[in-house]
Amino acid sequence: MQLETRKLLDRAFSGLSVISVLLMAGALIIILGPMMIRGLDAFFFRGTTDWRIMMMQEFARGDIDAVEAERAAIWEVRRPVFEAIEKFEAEIEEGNVGREPGVPRALARIEAQAQYGRPLRDLKQHVRELLGPFPSDTPVMPRSKYGATRWDLALVHFQNVMYVEKYTHTDPTQMGALSYEPRSEQFVGTPVEEIFPYIEENLRAMMNPKFTFYPQFLTDSSRDANIFGGIWPEILGTTYLAIGAMVFAVPIGVIAAIYLVEYAGDNRFVRLLRSCVSTLAGVPSIVFGLFGLAFFINGIGVSTGRSVLAGSLTLALLVLPVIIRASEEAIRAVPKSYKEAALSLGASKWRTVLTVLLPAALPGILTGIIISLGRAAGETAPIIFTAAWALAPTLRPSQVLTEGTRALPWNIYNIATEHERVEFMRHIQFGMVFTLVTLVLSLNAIALFLRARISKRLRG
C-alpha cells in the first residue's frame, strides 16, 4: 500500500511539474510573443520613397540614379498639394481672401489670418510629416528633411491630414468623447479644399511603398535622436557594460566561492557572510545604482562622471551574489571522492582545487556566469546614474574608462517615456526590445549548451 501511494504521489508531482513548465512557457509566449512580433517591424516593413532618399543621403546606401528618378516621379504627384497650400497662403498675405469691394487689404488680411491662420499652420505641419518639406522651407534637422519613411507611419500622418481630433464634452465632470471631423470643412471655398480628395486618391503614388528588409538596423548608427538609423551604439554600449561587469565579478565571485567551500569552515562569521551574500542577491537594483553613484563616482572617483567603468563596477556588484552562490553550489556538487583521490596522490589542497574541483564544477560555474551576463545586459536601474546617456556617441574601447554610453535597456525606457516623437517610433522601441530579449535568451541557450557539452566531456 505504501509503495502504491508513493508511486501515485510521484506521478502527481511529475504531472504538476509538467503543468508548471507548460504554464511558464505559455506565459512567456503571451508576454514576449507580441513584443517579438512587433520588434520584427524594425527589420521588415514597407519603406516609402522618403526612406530610400534618407538612406541615400544619410548612409550613402542605394542606387543614386534610381532614387533620383523616383524622387522626381513622386514630386510630380506631390507638387499640386504644395502649390495649392502656398497659393492660398500668398492670397492671405495679399489680403485677397474673402475681401469685399471697399474693404482695405490690411483689414481683409487680418480677418483671413484670424480665420485660417491656425488651421493652415496645422495643415502645413501634417503635410510636412506626410510628404516632406515645402519648397520654401529650409530644414536643418533630418526629421524635417523627409516625409513619412514607412508606409504604416504614412497612414497615420494621412489620417492627421484628413481629419481633426475633437473632444465633445457633454458632462463637465467626465472626459470628453473623441471624434474626428474632416479637415476640409475648415477650408470650404478655398483652393486648399481640393487637395484633400486629391491626396486620398494619390496617396500610394505619392509614397510609393515597397517591401524593405533592413538588417542594418543592428549595425547602423542612429540619426536625429534615434528617429532614423539603427541601434549599433546601444548594442556596443550594452556589450561593454556586460563584459566589463564580468571582468570584475567572475574572478572575485569564483575565488569567494572557493574560500567559502574549502577554506572558511563552519562558524558564526561564515554563516553571517553567507547570509549577507544571500541578502545582497535580493536588494533592488536601483539601490545598487545609487550606491555606484555615491561610491564609485562621488566617493573614490573612478571617473569624473558617468562612464562604462563606473557602470561595469556597479553591475559587477549586482551579479556578484549570483556568481558566488552558483559557483559555491557547483563546487559542493563535485563528489568527495574526486578530492580524496587527489589528496591521496599527494596533491596539495590548492592544486586539488585548481586541477580537480574547478574543472569538475565548471558546468555549474559557467551556467551561473552566463546567466549573470544576461542579467547585467538587461539591467536599467544600475546604469541610469553611473553609465548611460540617451544620445552619447559611439564609444571606442579607449573611452570606456572615462565616457558614458548608450545602452539598450536605458534607451528603451528613454524612448518609451521621454522622447517627443514616441508615437512615431514604436518600431524603434520594439526593435530594441526584440534585440535585447534575443540577446538574453541566446546567452541562456549558450549556458545550457556549454553545460551539457562540458558535462558530457567530463563523463568521458
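The values are calculated or read from the model by the stated rules, or taken from the named source; none is laboratory data. Keep in mind that what you see is a predicted model, and the values were worked out from it rather than measured. Please note: Cβ atoms are built from the backbone with ideal geometry, for glycine as well, and neighbour counts cover all protein chains shown.
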- Can you pull out the residues in segment 47-82 that are touching a Lys or Arg at 6+ places or on another chain (Cβ under 8 Å) and closer than 25 Å to residue 195 by Cα? 47, 48, 49, 51, 53, 70
- Message: Residues that are loosely packed, with under 14 Cβ neighbours inside 10 Å, at least 1 per element: which helices (runs of 4 or more DSSP H) completely within segment 339-403 meet that?
- Response: 349-352
- Task: Kindly list the number of the only condition in (1) over 30 Å from residue 300 (Cβ atoms); (2) under 15 Å from the mean Cα position of the chain (by Cα) that fails for residue 455.
- Result: (2)
- How many residues are assigned to a helix (DSSP H, G or I), under 18 Å from residue 45 (Cβ atoms) and not β-branched (Val, Ile, Thr) when one looks only at segment 404-432? 8
- Query: Restricting the search to segment 313-338, which residues are in a helix (DSSP H, G or I), of a type in the set (Val, Ile, Thr) and over 20 Å from residue 286 (Cβ atoms)?
  - Reply: 323, 324, 331
- Message: Being exposed (fewer than 15 other Cβ atoms within 10 Å of the Cβ) and among the hydroxyl-bearing types (Ser, Thr, Tyr) is the requirement here; does residue 303 meet it?
- Response: no
- Task: Run down 236, 309 and say which single residue is surrounded by fewer than 21 Cβ atoms within 10 Å (Cβ to Cβ), in contact with a Ser or Thr (Cβ under 7 Å, 6 or more places away or on another chain) and under 23 Å from residue 380 (Cα atoms).
- Result: 236
- From (1) among the polar types (S, T, N, Q); (2) assigned by TED's automatic domain parsing to the domain that holds residue 325; (3) in contact with a Gly (Cβ under 6 Å, 6 or more places away or on another chain), pick out the condition that doesn't hold for residue 222. (2)
- Task: State yes or no: is residue 13 of a type in the set (Phe, Trp, Tyr), in a helix (DSSP H, G or I), out of contact with any Cys (no Cβ under 6 Å at 6 or more places or on another chain) and not assigned by TED's automatic domain parsing to the domain that holds residue 115?
- Result: yes
- Among the helices (runs of 4 or more DSSP H) confined wholly to segment 54-167, which include 3 or more residues that are among the β-branched types (Val, Ile, Thr)? 64-94
- Message: Tell me which helices (runs of 4 or more DSSP H) are completely within segment 178-282 and hold 2 or more residues being of a type in the set (D, E, K, R) and on the phi < 0 side of the Ramachandran plot, or say none if there are none.
- Response: 195-207, 268-281
- Return the pairs, sorted by first residue and then second, in which the second residue is assigned to a helix (DSSP H, G or I) and polar (S, T, N, Q), the first residue lies in segment 336-361 and is over 21 Å from residue 457 (Cα atoms), the beta carbons are less than 8 Å apart, and the residues are 6+ apart or on different chains. 343/352; 347/355
- Item | Test for residue 121: is it of a type outside the set (Val, Ile, Thr), modelled with pLDDT of 90 or more, in the same structural domain as residue 53 (by TED's automatic domain parsing) and loosely packed, with under 14 Cβ neighbours inside 10 Å | yes
- Boolean, residue 71 is touching a residue at least 60 places away in the same chain (Cβ under 8 Å) and under 30 Å from residue 157 (Cα atoms): no
- Message: It is to be established whether one or more residues within segment 405-428 are farther than 30 Å from residue 153 by Cβ and either surrounded by 20 or more Cβ atoms within 10 Å (Cβ to Cβ) or under 12 Å from the mean Cα position of the chain (by Cα) (or both).
- Response: no
- May I ask you to say which residue of 207, 162 is within 35 Å of the chain's Cα centre (by Cα) and over 23 Å from residue 44 (Cα atoms)? 162
- Taking segment 223-239 and keeping only residues that are closer than 13 Å to residue 408 by Cβ and modelled with pLDDT under 90, one is left with 226
- Scan of segment 125-155 for residues that are at pLDDT 90 or above and acidic (Asp, Glu), ordered by number: 129, 152
- Go through segment 292-312 and give me each residue that's in a helix (DSSP H, G or I) and in contact with a helix residue (DSSP H, G or I) (Cβ under 6 Å, 6 or more places away or on another chain). 292, 296, 297, 308, 310, 311, 312
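Matching residues to (1) in contact with a Gly (Cβ under 7 Å, 6 or more places away or on another chain); (2) farther than 24 Å from residue 69 by Cα; (3) among the aliphatic types (A, V, I, L, M):
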site: 143; (1), (2), (3): no, no, no
site: 147; (1), (2), (3): yes, no, no
site: 151; (1), (2), (3): no, no, no
site: 163; (1), (2), (3): no, yes, no
site: 180; (1), (2), (3): no, yes, no
site: 202; (1), (2), (3): no, no, no
site: 213; (1), (2), (3): no, no, no
- Message: Please verify whether residue 416 is modelled with pLDDT of 80 or more, of a type outside the set (S, T, N, Q) and either closer than 15 Å to residue 225 by Cβ or not assigned by TED's automatic domain parsing to the domain that holds residue 378 (or both), treating the condition exactly as stated.
- Response: yes
